[in-house]
Amino acid sequence: MQTRTPALLPPEPLRWRGFVAPADRGVGEQEGVDAALLQAPPFVRGQVPDQAETMYQRCLVDQTVAFDPDLIRRYDQSGPRYTSYPTAMEFHAGFGESEYRRACARSKTGGRPLSLYIHIPFCDTVCFYCACNKIATKDRSRAQPYLERVYRELALQSALFGAERTVEQLHWGGGTPTFISRDQMRELMDHTRRHFRLAADEVGEYAIEIDPREADAHTVALLRRLGFNRMSLGVQDLEPVVQQAVNRIQTEQETLTVLEAARAEGFRSLSIDLIYGLPFQTVNSFVRTLQRVVAFAPDRLSVFNYAHLPQRFMPQRRINEADLPSPHTKLDIIETTSELLADAGYVYIGMDHFARPDDELAVAQRSGSLYRSFQGYSAHANCDLIGIGMTSIGKIDNSYSQNRRTLDEYCRDLDVGCLPVFRGIELSRDDEIRRDVITRLMCDFALDVSTVERTWGIEFADYFSEDLPKLAPMQEDGLLVLDERQIRVLPKGRLLIRNICMAFDAYRATANGPTGFSKVI
């Protein structure tokens, strides 16, 4: 299948800038997709100056993706998502509060900007597909005692970093952050600002995960006044039969109401999350969802692969495995999704993420400054991440750390004045080198060998002499180009970037038995 450069988008803020597949071509038509679903573009192609179009086409050369079903079937193994390296599976109990405090002291001398992640674990209902750390409850009174402990942790953490450090990123995740009341939202932000210095709105990236069923225009207006300027909305699928099967009933209007309010309030980036591989999904049904979502004109889209692991995640046991789409159907869905979003003007950022070409993620990718963390892709690369709340993960100096996983344990530690860190890892020099290589491949789809050699004082070919041969069959299959100067991931390899990165993963090379990771596609 040939790759295509997405259509150019006109420079018009807060409005959709692309178009869907033209009427003379049905995306995925050969695979039996109902072409009528793809032949009615809801938008008109943008008109742009020839000079702008030339510049646009040039900068998108390396953001195309090609879909090869045979290659994907051959390489579809389980593997890490590399939100960290080493992955959380390597965290151990030998890294606790003392080790964390030493890492913070080293971080303080470096003076890097900060990123804050605050975990709100509560949900009103359980979505059966969910693999997040959450507490499903109808009892809203459970939130306040938890927040009181979060405030204590904010105070303890801030004392370790110094008042001069600026927070450039803030992220509320869950669970459902909008589970808490508006007064509690104000209170949480007040405590955050009391203990940390947040960068100005035009500099800071302040994001929140939204369940549209738990928010309205008044909530959105409050969030903007509190300082949030980015929003991620969980949608997953708009088909009623799919929603019923996963216990997430959410109307299209609920989503649209929140999106329109966010635009009216001046949120700078709006993202929508979808999941493919859910019960009763077909190619045609997912195309219907995609077309309606594209009509919302989000800046970003995340299209996640549902990993059915009922032995690990209890809510998934309520999903009837017989209702799940076949592996063949899932491949058809992601192929059609990639084509439809490309025709709608989105570029593939990597690892399930798509963005408009003027979005800061796409711009950062083209400039080589994109970064990947536990919150996904980011344009703020050089931050120390402080995890606040139960199960949160931090990245401080050359370490990763994780807070207690249960509510009782988390509260108990803070009630006696202890930080709730219970495991983590301090990176070796080898870990740091391999993390750098994996991060650049994940974010840039390319690696400059001389830059790695200068940065780390190594001979690349010698250092990775046992790893580079693993790339040879991938080069033969057209996934990448490897020579003495570079590794360049080709369009066929971009959906399989996890496989490429695994070649440099020293922990996977020695792993025995089941890995616990999801399939790469």
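The values are calculated or read from the model by the stated rules, or taken from the named source; none is laboratory data. As the structure is a prediction and not an experimental result, all values here were calculated from the model. Heads up, the Cβs are rebuilt from the backbone with ideal geometry, glycines too, and the neighbour counts pull from every protein chain shown.
Output yes when any residue across segment 102-122 is crowded, with 17+ Cβ neighbours inside 10 Å, in a helix (DSSP H, G or I), touching a residue at least 60 places away in the same chain (Cβ under 8 Å) and of a type outside the set (S, T, N, Q), and no when none is.
Checked against the condition, which is being crowded, with 17+ Cβ neighbours inside 10 Å, in a helix (DSSP H, G or I), touching a residue at least 60 places away in the same chain (Cβ under 8 Å) and of a type outside the set (S, T, N, Q), segment 102-122 yields at least one hit.
Starting from segment 238-252, take each residue that is in the same structural domain as Val283 (by TED's automatic domain parsing) and list its partners that are charged (D, E, K, R) and loosely packed, with under 15 Cβ neighbours inside 10 Å, counting only C-beta distances under 9 angstrom and pairs at least six apart or across chains.
That search, which allows pairs on different chains as well, returns Ala245/Asp323; Val246/Arg318; Asn247/Arg318.
Do we have any residue at all in segment 222-232 that's under 14 Å from His119 (Cα atoms) and of a type in the set (S, T, N, Q)?
No, because not a single residue in segment 222-232 is under 14 Å from His119 (Cα atoms) and of a type in the set (S, T, N, Q).
Please indicate, with yes or no, whether at least one residue in segment 68-77 is modelled with pLDDT of 90 or more and of a type in the set (Ser, Thr, Tyr).
Looking for residues that are modelled with pLDDT of 90 or more and of a type in the set (Ser, Thr, Tyr), one finds at least one in segment 68-77, hence yes.
Any residue at all in segment 321-334 that's charged (D, E, K, R), free of Cβ contacts under 8 Å to residues at least 40 places away in the same chain and farther than 12 Å from Tyr276 by Cβ?
First, pick out the residues of segment 321-334 that are charged (D, E, K, R): 321, 323, 330, 332.
Right, trim to free of Cβ contacts under 8 Å to residues at least 40 places away in the same chain and you get 321.
Still in the list and also farther than 12 Å from Tyr276 by Cβ: 321.
Checked segment 321-334: at least one residue is charged (D, E, K, R), free of Cβ contacts under 8 Å to residues at least 40 places away in the same chain and farther than 12 Å from Tyr276 by Cβ.
Going by the structure shown, is Phe304 assigned by TED's automatic domain parsing to the domain that holds Gly110, assigned to a strand (DSSP E or B) and within 19 Å of Leu490 (Cα to Cα)?
No.
Residues checked against (1) under 16 Å from Ala506 (Cβ atoms); (2) surrounded by fewer than 17 Cβ atoms within 10 Å (Cβ to Cβ); (3) touching a helix residue (DSSP H, G or I) at 6+ places or on another chain (Cβ under 7 Å):
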{"residue": "Asp413", "(1), (2), (3)": "no, no, no"}
{"residue": "Val416", "(1), (2), (3)": "no, yes, no"}
{"residue": "Leu419", "(1), (2), (3)": "no, no, yes"}
{"residue": "Phe422", "(1), (2), (3)": "no, no, no"}
{"residue": "Ser428", "(1), (2), (3)": "yes, yes, no"}
{"residue": "Glu432", "(1), (2), (3)": "yes, yes, no"}
{"residue": "Val449", "(1), (2), (3)": "no, no, yes"}
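Are any residues in segment 400-422 under 20 Å from Ser115 (Cβ atoms) and either free of Cβ contacts under 8 Å to residues at least 12 places away in the same chain or touching a Cys at 6+ places or on another chain (Cβ under 9 Å) (or both), and if so, which ones?
Step one: filter segment 400-422 for residues under 20 Å from Ser115 (Cβ atoms), giving 400-403, 419-421.
Pro420, the sole residue that qualifies.
Taking interchain pairs and intrachain pairs at least six residues apart, which have beta carbon atoms under 8 angstrom, with the first residue in segment 506-521 and at negative phi and the second modelled with pLDDT under 65?
So the pair list comes out as Arg508/Thr515.
Across segment 279-301, which residue is surrounded by the fewest Cβ atoms within 10 Å (Cβ to Cβ) among those that are within 19 Å of the chain's Cα centre (by Cα) and not in a helix (DSSP H, G or I)?
Checked segment 279-301; the qualifying residue surrounded by the fewest Cβ atoms within 10 Å (Cβ to Cβ) is Ala297.
Within segment 145-185, restricting attention to residues that are assigned to a loop (DSSP other than H, G, I, E, B) and charged (D, E, K, R), which residue is farthest from Ala103 (Cα to Cα)? Show your work before the answer.
Restricting attention to segment 145-185, the residues satisfying the condition of being assigned to a loop (DSSP other than H, G, I, E, B) are 159-165, 175-176, 180-181.
Those still in the list that are charged (D, E, K, R) too: 164-165.
Working: Glu164: 18, Arg165: 15 Å.
So, considering only residues that are assigned to a loop (DSSP other than H, G, I, E, B) and charged (D, E, K, R), the one farthest from Ala103 (Cα to Cα) is Glu164.
Return yes or no: is Arg165 in contact with a strand residue (DSSP E or B) (Cβ under 6 Å, 6 or more places away or on another chain), crowded, with 17+ Cβ neighbours inside 10 Å, farther than 30 Å from Lys519 by Cβ and of a type in the set (Lys, Arg)? Step through it out loud before you land on a result.
Numbers: in contact with a strand residue (DSSP E or B) (Cβ under 6 Å, 6 or more places away or on another chain): yes; crowded, with 17+ Cβ neighbours inside 10 Å: yes; farther than 30 Å from Lys519 by Cβ: yes; of a type in the set (Lys, Arg): yes.
It is true that Arg165 is in contact with a strand residue (DSSP E or B) (Cβ under 6 Å, 6 or more places away or on another chain), crowded, with 17+ Cβ neighbours inside 10 Å, farther than 30 Å from Lys519 by Cβ and of a type in the set (Lys, Arg).
Mind listing whichever residues of segment 171-204 are crowded, with 22+ Cβ neighbours inside 10 Å, out of contact with any Cys (no Cβ under 9 Å at 6 or more places or on another chain) and of a type outside the set (A, V, I, L, M, F, W, C)?
Correct list: His171, Pro177, Thr178, Thr192.
Looking only at residues in segment 237-264 that are in a loop (DSSP other than H, G, I, E, B), touching a helix residue (DSSP H, G or I) at 6+ places or on another chain (Cβ under 8 Å) and not polar (S, T, N, Q), which one is surrounded by the fewest Cβ atoms within 10 Å (Cβ to Cβ)?
Selected residue: Ile249.
Among the residues of segment 458-504 satisfying the criterion of being touching a helix residue (DSSP H, G or I) at 6+ places or on another chain (Cβ under 7 Å) and charged (D, E, K, R), which is nearest to Gly350 (Cα to Cα)?
This residue is Lys492.
Yes or no: Val437 buried (at least 20 other Cβ atoms within 10 Å of the Cβ), under 30 Å from Tyr151 (Cβ atoms) and either out of contact with any Lys or Arg (no Cβ under 8 Å at 6 or more places or on another chain) or outside the structural domain of Leu156 (by TED's automatic domain parsing) (or both)? Walk me through how you get there before you give the answer.
Numbers: buried (at least 20 other Cβ atoms within 10 Å of the Cβ): yes; under 30 Å from Tyr151 (Cβ atoms): no; either out of contact with any Lys or Arg (no Cβ under 8 Å at 6 or more places or on another chain) or outside the structural domain of Leu156 (by TED's automatic domain parsing) (or both): yes.
Criteria not met by Val437.
Return a yes/no flag: does segment 81-95 have any residue that is of a type in the set (S, T, N, Q) and part of a helix (DSSP H, G or I). Write out each step before concluding.
Residues of segment 81-95 that are of a type in the set (S, T, N, Q), as a first pass: 83-84, 87.
Now drop any that are not part of a helix (DSSP H, G or I), which leaves none.
Checking segment 81-95: not a single residue is of a type in the set (S, T, N, Q) and part of a helix (DSSP H, G or I).
Kindly provide the set of residues from segment 265-296 that are in contact with a helix residue (DSSP H, G or I) (Cβ under 8 Å, 6 or more places away or on another chain) and either free of Cβ contacts under 8 Å to residues at least 24 places away in the same chain or within 27 Å of Leu222 (Cβ to Cβ) (or both), ordered by number.
Glu265, Gly266, Phe267, Ser269, Leu270, Ile272, Leu274, Phe296
With respect to Phe354, is the statement that it is in a helix (DSSP H, G or I) and crowded, with 23+ Cβ neighbours inside 10 Å true? First the steps, then the outcome.
On the way: in a helix (DSSP H, G or I): no; crowded, with 23+ Cβ neighbours inside 10 Å: yes.
Spelling it out, it is not the case that Phe354 is in a helix (DSSP H, G or I) and crowded, with 23+ Cβ neighbours inside 10 Å.
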